[in-house]
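The values are calculated or read from the model by the stated rules, or taken from the named source; none is laboratory data. Only a predicted model underlies this, so the values are computations on that prediction, with no experimental measurement involved. Note that each Cβ is placed from the backbone with ideal geometry, even for glycine, and that neighbours are counted across all protein chains shown. Side chains are part of the model used for accessible areas, which takes the heavy atoms of the whole protein and leaves out ligands, DNA and RNA. Shrake-Rupley method; radii C 1.70, N 1.55, O 1.52, S 1.80 Å.
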Amino acid sequence: MKLSDAEWQIMNAIWKKHPATAREIIGQMEGKVDWAYTTVKTMLSRLVVKKAVSEIKLGNTSTYAPLVDRNHAQQNALRTMFDRVLDGAAAPLMHFLIEENKISKKERTELIRMLKHADGKGKSHERADQ
């Protein structure tokens, strides 16, 4: 599922607190965006069509809840970016994260642990294949 930048902002608000009305969503984004109520309602309608959120109507008020897990949506977005922008190469992304100080010491330690774990998996598969 492809989300626009604006839709990501709305999804992040819904993931933080749900179910939520359009007005509650606008309240969460106060100071970050200056969107009219109708703009948010239009984007919410698009997210319903994309099956990213559910809509439950209670009288004149609709409440929205995520149908897509945040982690799953992030992985799909990263996979798309990785394939489209980086042509499947990990090195430019790692270089960017390191050069721009976008990765903390704790995250580097976790990344090293994950890489060692992945290396261990690969070795066990290689032995099994030999």
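Under a straight-distance cross-link criterion of Cα-Cα below 28 Å, which lysines are reachable from residue 121, leaving out those fewer than 8 residues away in the same chain? Partners within reach: 102, 105, 106. Here the label points at residue 30 and residue 109, each 7 Å from Cα along the C-beta direction, are separated by 3.8 nm in the simple model. Counting heavy atoms of the protein chains alone, residue 54 has an accessible area of about 30 Å² for a 1.4 Å probe. Rolling a 1.4 Å probe across all protein chains gives residue 79 an accessible area of roughly 130 Å². Rolling a 1.4 Å probe over the protein heavy atoms leaves residue 100 with an accessible area of roughly 100 Å². Once divided by 2.2 N^0.38 Å, the Cα radius of gyration of the chain becomes 1.41. Note on exposure: 21, 38 ranked by accessible area (1.4 Å probe, complete protein assembly) read 38, 21, with the most exposed listed first. Here residue 57 is the anchor, and the lysines within straight C-alpha reach of less than 16 Å, apart from those fewer than 8 places off in the same chain, are 41. In loop segments of the stretch 1-59 as defined by DSSP, the trypsin sites (Lys or Arg not before Pro) with at most 10 further C-beta atoms inside 10 Å of their C-beta are 2, 32, 51. Taking every DSSP beta bridge that has both ends in the chain, the antiparallel portion is near 90%.
Residue by residue, the stretch 68-81 carries 3J(HN,Hα) couplings of 10, 5, 4, 4, 5, 5, 5, 4, 5, 5, 5, 4, 5, 4 Hz when phi is fed to the Karplus relation 6.51 cos²θ - 1.76 cosθ + 1.60 (θ = phi - 60°); x denotes Gly or Pro.
Taking θ as phi - 60° and the Karplus parameters 6.51, -1.76 and 1.60, the scalar couplings of the stretch 22-34 work out to 4, 5, 5, 5, 4, x, 5, 9, 4, x, 9, 9, 10 Hz in sequence order, x denoting glycine and proline.
Across the stretch 4-17, computed HN-Hα scalar couplings (Karplus, 6.51 cos²θ - 1.76 cosθ + 1.60, θ = phi - 60°) run 6, 4, 5, 5, 4, 4, 5, 4, 4, 5, 5, 5, 5, 8 Hz from first to last residue, x flagging Gly and Pro. Based on C-alpha pairs under 8 angstrom that are at least 6 apart in sequence, the stretch 1-52 has a relative contact order of 41 percent.
The magnitude of the dipole of the stretch 53-101, with charges of +1 and -1 set on the Cβ of Lys/Arg and Asp/Glu and taken from the Cα centre, is near 260 debye.
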